[in-house]
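Report on the structure given below.
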Amino acid sequence: MSLAADIFTVLCLLAGLVFFAAGSIGLIRLPDPLSRLHGLTKADNVGLFFVVLGLLPQAGSVLAAVKMLLIWLLLQVAAGTVAQILAEYAQALGRSGGGRR
Amino acid sequence: MSLFFDAALILLAIVVALKVVTGRDPLTDVIAFIAYGIVLTLVWVRLAAVDVALTEVAVGSGATGLVLLRAAGAAATAKQEARPGRVTKGLAALVSLVVFLLLAAAVLAWPKPQPSLALAVAEHLPATGLGNPITGVLIVFRALDTLLETVVLLLALVGIWALAPDRTGARAWSGTPAPLSGMTPSGAQVLLAQLLLPVGLLVTVYQFWAGANVPAGAFQGGAVLGAMWVLLLLARLAPLPRLEQPGLAVLVLAGPFAFLATGLAGWVWAGGFLDYPEGIEKPVIIVVEAAIVVSIGVTLGLLVLGPAGPQAADRPGADAS
Amino acid sequence: MSLPMIAAPPPTLAGALLVLVVVLPLLGFLPFFFLGARIAERLALGLLALGLIGALAIAAEVSGSGAAVAYFIGGWAPPLGVALRADGFSALMLAMTAAALLATGLFAMTGIGAARPRMPPVFWPLVLAAACALNLAFTAEDLFTLFVALELLTFAAVPLVCLDGRPAQYEAALRYLLYALFGSALYLLGVVLIYGLYGTLDILLIAGRVAVEARSPPALMLALALMSVGLMAKAALFPFYLWLPPAHAGAPAAASAMLSAVVIKAPLFLLLRLWLDLAPQTLAFAAGPLIAACGAGAILLCGLFALGQKRLKLMIAYSTAAQIGYLCLVVPLAAGAADGGLALTAGAIHLVSHAFSKAAMFMAAGLIYEALGHDRMDGLRGVGRALPVSLFAFALGGASLMGLPPSGGFTAKVMLLTAAVGQQAWWIVAVVMAGGLLAAGYVLKVIVPALQAPDRPLEITPVSRGREMVALALALGAVALGFLPLEPSPFLAIGRPGAWAEAVQ
Amino acid sequence: MSAAPLIGLGGAALVAIGLYGLIVGSDGLKRVLAFNILGGGMFLVFGAVARRGADGGFGGDPVPHALVITGIVVAFSATALAVALLNRLAAASAEEGKAPSDTPGGPS
C-alpha cells in the first residue's frame, strides 16, 4: 500500500516538474509578454496541481491534505489575477506584441 | 541530497543579489529584490526557522518590496550621481572580498559545540504559559526590545508624515496620502480583494492566536492584516484614510501603549516593569498581542501609503468629488 | 554549556528610575496624534524636566551607594533577559543629556513665530524619542538592545534634520540616514559574530569571558572591528564625517544644538565602552593607536575644514566633526593600565563640556542668523554690539573648544596631555596642541570681526532675550566644568572594571 | 558538512555583495536596495548560528530567531523612511524645476 502511494507520488511529482520546466522554458523562449504569461500560468497551474496531488498520499492527516488543497486553490486565484493585471499593464504600455519587455 | 538543494538555493540568492546590485533599471532591480526576499524565505525554512521565514516573506520581501516599488518611479526622475569609476569599483570589490573572506573564516571557525540560549529558553518557557519559544523571547524574556521595536515603527511613521508638504490651516500632515496606483483597478483585481479579504482576516487571527504555541505571531499576523488593507485600497474598495482621524490614531497607538501600560502595571501586580502577573500571564499576553497585531497592520499600511500628498481641495478650481 | 546567571539586583527606587527615564519620554507621542501643539510643548517640557530630575536622582544614588545601579527587565536575568545598568560614567551621561535636552526644549519654546521649529507637534515627539533612545544607549547592557537604541536615535534624528522642509535638507537627511544604516548594519554584524562566539549579548558576561581567554579568537577581533567602524560611521568620526556638516548645519537651530551636543555622543560612548569595558585589555592596547589615528585625522583635517568655512553654522558643524576626535585619543591612553583613569576622566569631561559649549554655540549662531537674516562669516562685523549676550555665549563656548582656562575644555585637555606625557605618547601631545590652535583659529575668525564696528549700520531683527539666556547658561555650564579638580574622578570610577577602580583609591 | 556552515558562508557572500552595492551605488534607491541585501545576508549568518545552537527540543536557538524578526521589522522601517525621503526629494526637485541646491544653512 505504502509502496503504491510512493510510486504514485514520484510519478505525479515528475509530471509536475515537466510542466514547470515547460512553463519556465516558455518564459525564456516566447517572444512577447502575453504569450509568455499564457504559457507560464497554464503550465505552472497544472504543474502545481500535480505536485499537490502527488503529495496528498504523503500528508499524515486529512486536515493536512485539505490544507494543501486550499493552498493550491489560493494560488490559482492569485496567479490568475496577477496574470490578468500584468496583461492589462502590458497592453496599456502597448507592448502586447513584440518587444523585449 | 538536501545539502545540494541548500547550495542551489544559496547560489540562487547570490545570483539574484548580484542582479539587484549591478542592474541598471530601478523597476527591474526592485522586482529582483522581491525575488531575493522570497529565496531568503526558503533558506529560512531550511534553517528550521519558520517564524523568521514568515516575517521575511511578509515584511522583508512583501512590505519592503511594495515600498520600494513606489520609489522606483521617483528614482527614474531623481538626480543621478556620477557613476563610480573603475578605480572606485575595483576598490569596493576588494574591500567586499576581504570582508567576505574574513567573515567566511569566522563562520568556519565557530566554536563546537555552539554556545546557545536554547536550553535556557526551554527551561523558563513553561513559566510563561507559552508554547512557541520565539514568542516567549519576543514578548517575555526580551520584551523591552519588542516594545521599542513597535516604537521604531511609530517613529518612522511620524518621520514620514513630517515630510508632507506644508498646508495652511489644520495640522501640517493632515489629508490623505497619494493613491497607491494611478490605474483603475481591473475586475480581476477587485474580485481578488473580495475573495482574499476573509481569508486574510482568518489568517491574521490564526497567526496571532496560534502564535502563542506554533510558529507565527503578532508581527506576521499584523503584516497580513496590513496587506489586506493595501489590497482593498488597490482595488478601491476602501477609501484612502484621512491621516488626522482620531480613530486611526487609536489603532496606531493601541499596540505600543497597551504594551507600555502592561509594562508599567507590572510594578503594581507583579513586582517589576514588564513582569506579567503570575497565573494569568497568557491571557494578558494575548490581549497585548492582539493590540500589537492591529497596530502593526495599520502602521505597516500607513508606512506603505506614505505622507499626505497635495490635496485635491488645495488646488484652485478642483473639486474633491 | 550554560553561562552563569547574574544574581538579580535588589529592587531599588534608582533601578526603577532607570526604566522610567527610558520609557516615560514615549508619552510624548500622545499629543502628536491627539492634542494640539501647545499641549505637546508643555507635556514635552514637563517630561524633559522630569527626565533631568530622574537622571540627577540616579547620579545621587550611584554616588551615595558607591555602586552601579541595575535593573533586570521583567525580572529575567541575563543572558536570557535584558539588563539596564548605570555606573558612574553612564550616570554622568544621563545627567548631561537630560540637561542639554531641557535647555534645547527651553530654547525652542521661547522662540517667536517663525523662529519656532516647523510642525511643533512633530518636533516635540522627536526630541522625546531621542531622549528615550539616548537614555537607553547609556544604560543598556545588552548589545542588541543597544542596536535598537541606536536605531531609535537615528529615526528621531533624521526627521529633525529636514524639519524645515527644504530640498537641501532632504538631501542631507537622506545622506545621514544612509550612513547611519551602513553603520547599524556593520554594528549588528559584529553583534552576530559575538553571539556566535559566546552565546550571550550581555556586555558584562562577555567581558568576563574574554578576560579569561588565553588568546582572543580572530572572530572577536573582526567583530570589534566591524562594530567600531559602524559606530564611527554613526558618530561621523573621520573618515566618515561627510554626512555631518550639511545635516547639522541645515537643521533648525534647536535641532542642530541637540544633534551636535548629545545625539552623536551615544555612538561615541558605545565606542569607548566597547574598547574599555568589553574588549580584552591586550586587544584594546593593540587597537588603541589605530582608533586614535582616526581621532587625530578628525582633529586636524576637520579642524582645517572648519577654518575654511564661509558660513557660521557650517563652521560649527565641522568643528563638531573635529572635536569628537579627542575621544578617540582617549582609547589608547585609558586602555594603558596605570593612569587610565585620568584619560577616561578627561574624555568624560570633554564629552560633557563639548555638549554644553557646542549647544551654546549653535544656539548663538541660530540667534545671529535670526537677527541678521544670514550667517555668512564675512557679514558678521558689528554683531558684538547688536547681540552682546549671544556673542558672549558663543565666545565662552569657543573658549572651551580652544582649551582656555577656566573651561571644561581646558580641564579635559590638561588631563589628556598629562596622561599622554605619562605614557610618552608624544604624537598625541602634538595633535592636542595643534587641535587647540586650529580651534583658536576658527573661533577667533568669528569673534574678532564681530567685535569691530560695522561698515554700515546693521539691520537687526530683534531676538528673544530668553533664548539668549539659554545659550549663555549652557556656555557658563561649560565654563563651570573648568573648576573640577585635575585628577581621576572617583565618581566615574564607580562600577568600572577593577584595574582602574584600584588606581583611583 | 551540515547546512548551517554552508548557509553561513552564503550569508557572508550576500553581506559582501551588499557592501559592494552600498559603496558603488549611484543613487539613493540603489543604496537602499544594497542595504537590504546586506541585511538579509547578515540575518542569514545569524540564522546559521541559531541552527548550530539547536537544543532543548527546538529546531534552532530561539533567541537569534526573535532578534532577526525584530531586525527585519526595523530594516523595513528604515527602508520606508528612506523611500519617503527619496520621493520627497524627487518631488521637491521637480517643483523647483532644477537640481537641488547644495548650500546648507538657511533659516534657523
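The values are calculated or read from the model by the stated rules, or taken from the named source; none is laboratory data. As the structure is a computational prediction, the values presented were derived from the model and not from experiment. Every residue, glycine as well, gets a Cβ built from its backbone with ideal geometry; the counts of neighbours run over all protein chains shown.
Being crowded, with 23+ Cβ neighbours inside 10 Å, in contact with a Ser or Thr (Cβ under 7 Å, 6 or more places away or on another chain) and closer than 19 Å to residue D:43 by Cβ narrows it down to one of C:190, C:199, C:183, so name that one.
On the way: C:190 fails: in contact with a Ser or Thr (Cβ under 7 Å, 6 or more places away or on another chain); C:183 fails: in contact with a Ser or Thr (Cβ under 7 Å, 6 or more places away or on another chain).
Selected residue: C:199, the only one of C:190, C:199, C:183 that is crowded, with 23+ Cβ neighbours inside 10 Å, in contact with a Ser or Thr (Cβ under 7 Å, 6 or more places away or on another chain) and closer than 19 Å to residue D:43 by Cβ.
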Qualifying residue in the stretch D:85-93 (condition: surrounded by fewer than 22 Cβ atoms within 10 Å (Cβ to Cβ) and at the interface with chain B (Cβ under 7 Å from one of its Cβ atoms)): yes
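Find the residue count for the stretch D:50-74, including only residues that are in a helix (DSSP H, G or I) and at the interface with chain B (Cβ under 7 Å from one of its Cβ atoms).
Step one: filter the stretch D:50-74 for residues in a helix (DSSP H, G or I), giving D:50-52, D:62-74.
Filter again for at the interface with chain B (Cβ under 7 Å from one of its Cβ atoms), leaving D:50-52, D:62-63, D:65-66, D:68-70, D:72-74.
Selection size over the stretch D:50-74: 13.
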Output for the stretch B:267-303, where each listed residue is within 12 Å of another protein chain (Cβ to nearest Cβ), within 27 Å of residue B:228 (Cβ to Cβ) and surrounded by fewer than 17 Cβ atoms within 10 Å (Cβ to Cβ): none
Test: residue C:131 is assigned to a helix (DSSP H, G or I), in contact with a Pro (Cβ under 7 Å, 6 or more places away or on another chain), within 14 Å of another protein chain (Cβ to nearest Cβ) and within 24 Å of residue C:393 (Cβ to Cβ): yes
Subset of the stretch B:38-48 [closer than 20 Å to residue B:11 by Cβ and either in contact with a His (Cβ under 7 Å, 6 or more places away or on another chain) or facing chain D (nearest Cβ under 7 Å) (or both)]: B:40, B:43, B:44, B:46, B:47
Residue within the stretch C:183-192 that is more than 8 Å from every other protein chain (Cβ to nearest Cβ), of a type in the set (Phe, Trp, Tyr), under 21 Å from residue B:105 (Cα atoms) and out of contact with any strand residue (DSSP E or B) (no Cβ under 8 Å at 6 or more places or on another chain) present: yes
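Matching residues to (1) crowded, with 17+ Cβ neighbours inside 10 Å; (2) free of Cβ contacts under 8 Å to residues at least 24 places away in the same chain:
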residue: A:11; (1), (2): no, no
residue: A:18; (1), (2): no, no
residue: A:34; (1), (2): yes, no
residue: A:41; (1), (2): yes, no
residue: A:44; (1), (2): yes, no
residue: A:60; (1), (2): no, yes
residue: A:71; (1), (2): no, yes
residue: A:76; (1), (2): no, no
Qualifying residue in the stretch D:32-48 (condition: surrounded by fewer than 24 Cβ atoms within 10 Å (Cβ to Cβ), aliphatic (A, V, I, L, M) and either at the interface with chain B (Cβ under 7 Å from one of its Cβ atoms) or over 25 Å from residue B:70 (Cα atoms) (or both)): no
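Filter the helices (runs of 4 or more DSSP H) completely within chain A down to those with at least 1 residues that are more than 30 Å from residue B:187 (Cβ to Cβ), touching a helix residue (DSSP H, G or I) at 6+ places or on another chain (Cβ under 8 Å) and among the β-branched types (Val, Ile, Thr).
Working: elements: A:2-29, A:33-55, A:62-92.
Passing ranges, in order: A:2-29.
Of the residues C:214, C:207, which single one is out of contact with any Asp or Glu (no Cβ under 8 Å at 6 or more places or on another chain), hydrophobic (A, V, I, L, M, F, W, C) and over 30 Å from residue C:314 (Cβ atoms)? Walk me through how you get there before you give the answer.
Numbers: C:207 fails: out of contact with any Asp or Glu (no Cβ under 8 Å at 6 or more places or on another chain).
When all the criteria are applied, what remains is C:214.
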Tally of residues being surrounded by 13 or more Cβ atoms within 10 Å (Cβ to Cβ), at the interface with chain D (Cβ under 7 Å from one of its Cβ atoms) and more than 24 Å from residue B:84 (Cβ to Cβ) across the stretch B:1-14: 4
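Please work out which residue is nearest to the other protein chains (Cβ to nearest Cβ), limiting yourself to the stretch B:239-254 and to residues that are exposed (fewer than 15 other Cβ atoms within 10 Å of the Cβ) and part of a loop (DSSP other than H, G, I, E, B).
Applying the first criterion (exposed (fewer than 15 other Cβ atoms within 10 Å of the Cβ)) to the stretch B:239-254 yields B:239, B:242, B:245-247.
Right, trim to part of a loop (DSSP other than H, G, I, E, B) and you get B:239, B:242, B:245.
Numbers: B:239: 20, B:242: 13, B:245: 10 Å.
My answer is B:245.
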Total residues in the stretch C:211-258, condition among the polar types (S, T, N, Q) and crowded, with 24+ Cβ neighbours inside 10 Å: 2
Any hit, the stretch C:70-84, residues being in a helix (DSSP H, G or I) and of a type in the set (Phe, Trp, Tyr): no
Residue ID - surrounded by the most Cβ atoms within 10 Å (Cβ to Cβ), chosen from residues in the stretch C:362-410 that are of a type outside the set (Gly, Ala, Ser) and under 20 Å from the mean Cα position of the chain (by Cα): C:362
Residues located in the stretch D:14-31, provided they are aliphatic (A, V, I, L, M) and either more than 7 Å from chain B (Cβ to nearest Cβ) or touching a Phe, Trp or Tyr at 6+ places or on another chain (Cβ under 6 Å) (or both): D:16, D:22
Members of the stretch B:35-56 found to be among the aromatic types (Phe, Trp, Tyr) and in contact (Cβ under 8 Å) with a residue 24 or more places away in the chain, listed by number: B:36
Candidates B:24, B:83, filtered to the one that is at the interface with chain D (Cβ under 7 Å from one of its Cβ atoms), farther than 29 Å from residue B:208 by Cβ and exposed (fewer than 14 other Cβ atoms within 10 Å of the Cβ): B:83
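Look through the stretch C:210-249, keep the residues that are of a type in the set (D, E, K, R) and in contact (Cβ under 8 Å) with a residue 24 or more places away in the chain, and return whichever of them is nearest to residue C:302 (Cα to Cα).
At the first step, the residues of the stretch C:210-249 found to be of a type in the set (D, E, K, R) are C:213, C:215, C:234.
Checking which are in contact (Cβ under 8 Å) with a residue 24 or more places away in the chain leaves us with C:213, C:234.
Values: C:213: 39, C:234: 16 Å.
Residue satisfying both the conditions and the ranking: C:234.
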Which listed residue is in contact (Cβ under 8 Å) with a residue 40 or more places away in the chain, facing chain D (nearest Cβ under 10 Å) and not in a loop (DSSP other than H, G, I, E, B), from B:17, B:63, B:32: B:63
Matching residues, the stretch B:183-229, being away from every other protein chain (no Cβ under 13 Å) and modelled with pLDDT of 85 or more: B:201, B:204, B:205, B:225, B:228, B:229
Residue satisfying condition, being surrounded by fewer than 24 Cβ atoms within 10 Å (Cβ to Cβ) and either touching a residue at least 24 places away in the same chain (Cβ under 8 Å) or within 14 Å of chain B (Cβ to nearest Cβ) (or both), within set C:57, C:137: C:57
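Just to be sure before I move on: is residue B:122 closer than 27 Å to residue C:82 by Cα, surrounded by 14 or more Cβ atoms within 10 Å (Cβ to Cβ), within 7 Å of another protein chain (Cβ to nearest Cβ) and not acidic (Asp, Glu) in the structure I sent?
Values: closer than 27 Å to residue C:82 by Cα: yes; surrounded by 14 or more Cβ atoms within 10 Å (Cβ to Cβ): yes; within 7 Å of another protein chain (Cβ to nearest Cβ): yes; not acidic (Asp, Glu): yes.
It is true that residue B:122 is closer than 27 Å to residue C:82 by Cα, surrounded by 14 or more Cβ atoms within 10 Å (Cβ to Cβ), within 7 Å of another protein chain (Cβ to nearest Cβ) and not acidic (Asp, Glu).
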